[in-house]
Each structure stands twice: as C-alpha cells, then as structure tokens.
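No lab work stands behind these numbers, since they all come straight from the coordinates. This structure is a prediction, so every number in the text was calculated from the model and none was measured. Neighbour counts run over all protein chains shown; Cβ positions are idealised from the backbone, glycine included.
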Amino acid sequence: MMNDGFDTKPIEMVPMWQVAFLAPDEDVDRIFDAVAEIAPLEYGATDRNGYRLPGGIEYYRPTDEAPTGADEPRQRPGVNQMRFFIPRDTDLLNGVIEAIYDVHSYYEPPITVTEILRSQTKGLDDSKNPHRWWNKDGDWKKD
C-alpha cells in the first residue's frame, strides 16, 4: 500500500516523501524559500505548501570534531521544525536536500525523509458542504 497508495470516493492517498528539517526560528523562512525554488510544493490548487511547528529546545554538546571544538552541553531555544511533501523523485529529493544544506546555518542540518501517503482530493463538487470554510461565518484570512 505504501508504494501504490489507495483510493476512497472523495480522496486518493498518494505515495510521497515528507521532508522535515530543524532550524532556528530566524532561519526557517530563508531555508523554505530555497526549497520552494527547487520544488513547487503543490497541494491541490495551491503551491509553496509547508507546515511549520513552533519552537522547541534543541539539546546538544559540541565534540572535538565540531567546528567550534568541544564544549559543555548546550540548549538552544526557538528551534522550529518545517515539513513539506514532495513526489518520490530521487533527483528532486537530492536538489531539495542540497538547497537546505546550502542556506542552513548549521554545518550538519537535521533533515529527515519519511515515506508517507498524502491525501489528494478527487475534485468532487462540495461547494455547498456546510463544513467547508467558505460556507461558514468568518474566515481566518480576513481582518
């Protein structure tokens, strides 16, 4: 199933890679912009789709092999995780990984790649569905 996906009436579950990286809060947008130059990050009728999880604390201790040399254990607050989905295309994945590396502030950026199934609508007409955001009072996009 993970290689082929599956269908339901309204949704197709498509094999994709989820790519995630950790970075300090101030670096995430720059890194995501570099990724978006390589991969369109499409999802339905939108592109540049990503999911940023708010900051946590990164724990680490530099060893002798670190560019700064060995030091005491450290904690860095405000480290975010950014996730996005790309097709299972090795050339695209290589380009995305290299783009992250090129603009990341870490000499060894924490990047993970996971095989997943991601939902993709089949485009059924649900324009009158009362649960859709456009059929509800208020809208997160409006002031």
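Dipole magnitude for the chain: about 760 debye, using +1 per Lys or Arg Cβ and -1 per Asp or Glu Cβ, origin at the Cα centre.
Backbone amide hydrogens, once placed in the peptide plane, bring residue 66 within less than 5 Å of nothing, excluding anything fewer than 5 places away on its chain. Using the empirical formula 2.2 N^0.38 Å as the baseline, the Cα radius of gyration of the chain reaches a ratio of 1.30. The simple Förster model, with R0 at 22 Å and r as the Cβ-Cβ distance, assigns residue 134 and residue 2 a FRET efficiency of 0.10. Between the helical axis of 25-38 and the longest alpha-carbon principal axis of the chain there is an angle of about 60 degrees. Within the straight-line cut-off of under 23 Å between alpha carbons, the lysines reachable from residue 136 are 122, 128, sequence neighbours fewer than 8 places apart in one chain being disregarded. Just to confirm the number: angle between the C-alpha axis of helix 90-103 and the first principal axis of the chain, 0 to 90 degrees, nearest 10? Helix 90-103 and the main axis of the chain meet at about 50 degrees.
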